[in-house]
1. Is there any pair with a first residue in the stretch B:41-55 that is touching a residue at least 24 places away in the same chain (Cβ under 8 Å) and within 13 Å of chain A (Cβ to nearest Cβ) and a second that is near ligand 1 (Cβ under 10 Å from one of its atoms) and of a type in the set (Asp, Glu) whose Cβ atoms are under 6 Å apart and which are 6 or more apart or on different chains, and what are they?
2. What single numbered condition from (1) outside any loop (DSSP other than H, G, I, E, B); (2) away from ligand 1 (no atom under 13 Å from the Cβ) fails to hold for residue B:69?
3. Could you count how many residues in the stretch A:60-94 are facing another protein chain (nearest Cβ under 7 Å) and open to solvent by 10 Å² or more (accessible area, probe 1.4 Å)?
4. Any residue that is free of Cβ contacts under 8 Å to residues at least 12 places away in the same chain, outside any helix (DSSP H, G or I), acidic (Asp, Glu) and open to solvent by 10 Å² or more (accessible area, probe 1.4 Å) - is there at least one of those in the stretch C:183-201?
5. Given the condition at pLDDT below 90 and not in a strand (DSSP E or B), answer yes or no: does some residue in the stretch B:112-120 qualify?
6. Output the residues belonging to the stretch B:37-55 that are more than 10 Å from ligand 2 (Cβ to nearest atom), over 14 Å from the mean Cα position of the chain (by Cα) and not hydroxyl-bearing (Ser, Thr, Tyr).
7. Might you check whether a residue that is more than 16 Å from ligand 1 (Cβ to nearest atom) and closer than 18 Å to residue B:42 by Cα occurs anywhere in the stretch B:216-226?
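The values are calculated or read from the model by the stated rules, or taken from the named source; none is laboratory data. Quantities reported herein were computed from a predicted structural model and do not represent experimental measurements. Cβ atoms come from the backbone with ideal geometry, glycine included; neighbour counts cover every protein chain shown. Quick note on the areas: whole protein, heavy atoms, side chains included, nothing else; ligands and nucleic acids left out. Shrake-Rupley method; radii C 1.70, N 1.55, O 1.52, S 1.80 Å.
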Amino acid sequence: MRHGNPLLAWLTRGYIGLFFLYLFLPLIIMSAATFNDSRLPTVTPWNGTTLRWFGELFADGSMWNALFTSITIGLGVIVICVPTGTAAALLLASLNKKARTFAYALMVSPLLTPGVIIGISTLIFWNRYFHLTGGILMTMLAQSSYIIAYVMLMVGARLQRFDGTLEEAALDLGASHWQVFRRVLMPFLRPSLIAAAFIAFLQSFENYNTTLFVRGLDTPLTVFIASRVRTGVTPAVNALGLILILITVALAMAYEVNRRRKLAATAAAPAG
Amino acid sequence: MSQNVELDKVVMRFGEFTAVKGISLEIKGGEFFSFLGPSGCGKTTILKLISGFLDPTEGEVRIGGTSMRGIGANKRPTAMIFQNLALFPLMSVADNIAFGLEVRGVGKAERRKRADELLDLIALPGQGDKMPTELSGGQRQRVAIARALAVEPQVLLLDEPLSALDLKLRQHMRAELRDIQKRTGVTFIYITHDQGEALTMSDRVAVMSQGTLQQVATPQELYDEPATAFAAGFVGENNRFAGTISAIDGGFAVVDTPAGALKARNHLGLAAGASAIVCVRPERLRLSGTGSENGFIARLKSRSFEGSFLNLMAEGPSGELMVQVTNDGALPAFDPAGALPLGFHATDAVIVPAEAGHA
Amino acid sequence: MRDLYRRFGGGLTTLMVALVVFWIIMLVVLPQLLMIDFSFRPNLPPSKIGGPDDVHSWANYATLFRNQVHLTIFFKTIWASSLVTFITLIVCYPMAYYLAQVAKPQRTAQMLLLLVIPFWINEILRTFAWWIIFAYAGPLNGLLTALGILDQPFRWMSGNGVVIVGMVYAYILFMVFPIYNALESLDRNQIDAARDLGSGWLRVHRRIAIPHAKPGIATGCIMTFMLAAGSYAVPALLGSPGSRWFTEIIYNWFFEGGNWNQGAAYAMILLLLCLFFILLMMKLFRVGLADIAK
Ligand SMILES: Nc1ncnc2c1ncn2[C@@H]1O[C@H](COP(=O)(O)OP(=O)(O)O)[C@@H](O)[C@H]1O
Ligand SMILES: [Mg+2]
């Protein structure tokens, strides 16, 4: 601590310790409960260590269905959101200042709208006008309405650093518009497109509030977990949680580490 | 291998603002032609009009006699060297150079061969697999040129390509550019705000100011016979004496100025009664006694010794003056803050019309 | 748009504009507009839709004010969400300040990485973790009875308290990051200068750090409130029938009451509440929309 006050330094340390304990203890307890040989997920009392909940999980067909549903939705969301969000970022950059402010407000508004509202409005509109019933397709549409905004922001951030004369140079050398797009702009945007696809999938995968209203009779993984918790939960859910935690942590670490390395690389690269 | 470029009453407006105000000129095939002018005068705009990134609001651009109206940048026989070079950062040097061939569907082996040839031309043999960021400023410069030449353009457009380089490299690259132009025979249209570059490299120079053409001439003409006060002031140093033409005398005229009646060449054929400016280069002003031709008295303010010559700053009857005296081994002693009698030969000075709009 | 056409030509530009128009019109604007329209219409069997009975009225909105239970839950949702926002702010501000101003860069980077991890894990699982802790036979009761603080296990998940704890946990990052971002740009010298001038520790925060962090605080509060008021997952898992949330009533109108029009009106009220909160924060902290939507 910079303040020379030892009491303050001590308080700070205590606060930070508690903060991280608060952050991680629940996750640790949940993970630990996976291995408890108890019909209910808990760590007290400890009835003995077991791996059988993993077995029960893998034998649970509805879990596999839910996982498959979630992955299908997530991939669909990527397919809708990455091109649309990229187009939105490009369109936004080409508008004049006044139009841009307005369009920007409109585009980020779904991020400031509660998820349940997005689900409800999508359900009403698509059901009443297009007679679509809730399900995988409608879930993709509902989630996309706000995930596109995330993609737009991520791609837009990178686009700001794009040097437009590169496109002019390519055109000048005889490239067609499509060639310019594919050979100059896309390679530049690629890192942000990959990151955006990753984030889009994750957002979709973990969404609950919006999905709940548009899922129809389909059951994605979050809905599956929530309904298990409410109706007869076993540590098999913890096993699933633990697996998801490990996967997301590994991916998150890889993503973060990669991002930081890139950042460091650009900072170290010779200027100009 | 090279075609002429014509601008025909070209006007370019951005909203309310007119960046190019009706320019007509012809650049001959195989010529090294420069546009010279201060920053913001519309040079880049003209280049973009020729390359097709902009379409003129009025008038038209012709290349090889063909109107370029409606022809996109990727369909014109021009190639551009951008002010910031615009090398593709994610492609290797060879891929950069061969990009124009790639988009034309040239095969891989052929592209590689051409890239290697061009790398030889720009004296970077065997460097094709490097990334642009691994090269020095001067090397990147040459890669940009090679990339443009790879598509065998009729006209090469260069937008202040040397401005990012340091002085020494700049001078070296001047010679190199001139050399490449001679060898390839391509029409070069070169943009710069540096008069030294324009004068040393070009066959002809167009001086621009605020979207208008001031003068199109060879470097020598530009220096010795400026057509406007702007050209006289922008190209090299000039001492100015403003006044009114009182008499015409063959190829000469007399201008009444605060420094007295000064006689100078009337190469533009101005009429008596016109407001005019007499321009004399610092090296053409002479230290002389009063009574000599075009003589007047100035007051010495400061001096700086430069070795082969001596610069004197003086306060004349119509403003500040600069005099350059060659060091011939017999420099007179100057009376500090003393009277400085100056004069010049009528053949060493020219008369240009006074500027209408801006002083 | 002209610029886009010049850069990418007709085909690509048309495609891009079509995609964006589809998004904005079909996924954002029209659904919202139709939801508004819908909320003013009566719930009719399909045969009567468009008939003489299908007229706009405030009836669906009036339902809320006539139903004492719903109204109580609505106000409970407001104050509980406000409380969640406030607690989250108190919990997070010191951490954001520590990361932005006190910790060394290396350390900040590590801690940010740690902070991000729970954020990657979905809300349901994070809430489920608290469900385990608070369960009747769970570790909290186990600990408290073992220590002799409680004589017998306590039924935690019967009130609003647990829901609030779960929400604070779920939305911590939406508060830490905006404040951290705002404080990061605060010049350390300003703080040193203030301390040098004899300013106490509290005053440094009150006069320098907090004013500087305003846009971040506003953003954090808006995000947290919106997420809390609009949450379904946390109250559904941690709540009890006695501690229902407004979103649960909306859900019931749709999927149990089968009255979408009524549900739309309630959803509109929730949306207006969030809008009102955004405006309140903008006014309170004197920040513009551009500062928030970053
Ligand atoms: N796209 C544009 N929109 C508006 N004004 C422009 C645009 N491009 C150039 N200008 C203006 O036109 C003038 C000439 O610009 P430019 O040709 O780039 O000058 P130079 O290259 O001689 O420095 C400048 O005042 C500049 O601000
Ligand atoms: Mg320029």
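1. Close Cβ pairs satisfying both conditions: B:44/B:159; B:47/B:159.
2. (1)
3. First pass over the stretch A:60-94, keeping only residues facing another protein chain (nearest Cβ under 7 Å): A:83-84, A:87-88, A:90-91, A:94.
Retained after the next criterion (residues that are open to solvent by 10 Å² or more (accessible area, probe 1.4 Å)): A:83, A:91, A:94.
Within the stretch A:60-94, residues that are facing another protein chain (nearest Cβ under 7 Å) and open to solvent by 10 Å² or more (accessible area, probe 1.4 Å) number 3.
4. Let us first name the residues in the stretch C:183-201 that are free of Cβ contacts under 8 Å to residues at least 12 places away in the same chain, namely C:187, C:189, C:192-193, C:195-201.
In the following step, the residues that additionally are outside any helix (DSSP H, G or I) were identified as C:187, C:197-200.
Filter once more, keeping what is acidic (Asp, Glu): C:187.
Add one more test, that the residue is open to solvent by 10 Å² or more (accessible area, probe 1.4 Å), and what stays is C:187.
Yes, the conditions are met somewhere in the stretch C:183-201.
5. Residues of the stretch B:112-120 that are at pLDDT below 90, as a first pass: B:120.
With the extra rule that they be not in a strand (DSSP E or B), the set shrinks to B:120.
The answer is yes, given that some residue of the stretch B:112-120 is at pLDDT below 90 and not in a strand (DSSP E or B).
6. Step one: list which residues in the stretch B:37-55 are more than 10 Å from ligand 2 (Cβ to nearest atom), which gives B:38, B:49-55.
Next, from what is left, pick out any that are over 14 Å from the mean Cα position of the chain (by Cα): B:49-55.
Selection gives B:49, B:50, B:52, B:53, B:54, B:55.
7. First, the residues of the stretch B:216-226 that are more than 16 Å from ligand 1 (Cβ to nearest atom): B:216-226.
Right, trim to closer than 18 Å to residue B:42 by Cα and you get B:216.
Looking through the stretch B:216-226, at least one residue is more than 16 Å from ligand 1 (Cβ to nearest atom) and closer than 18 Å to residue B:42 by Cα.
Here's the yes/no breakdown for (1) modelled with pLDDT of 85 or more; (2) surrounded by 11 or more Cβ atoms within 10 Å (Cβ to Cβ):
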| position | (1), (2) |
| --- | --- |
| A:221 | yes, yes |
| A:227 | yes, yes |
| A:242 | yes, yes |
| A:246 | yes, yes |
| A:256 | no, yes |
| A:264 | no, no |
| A:267 | no, no |
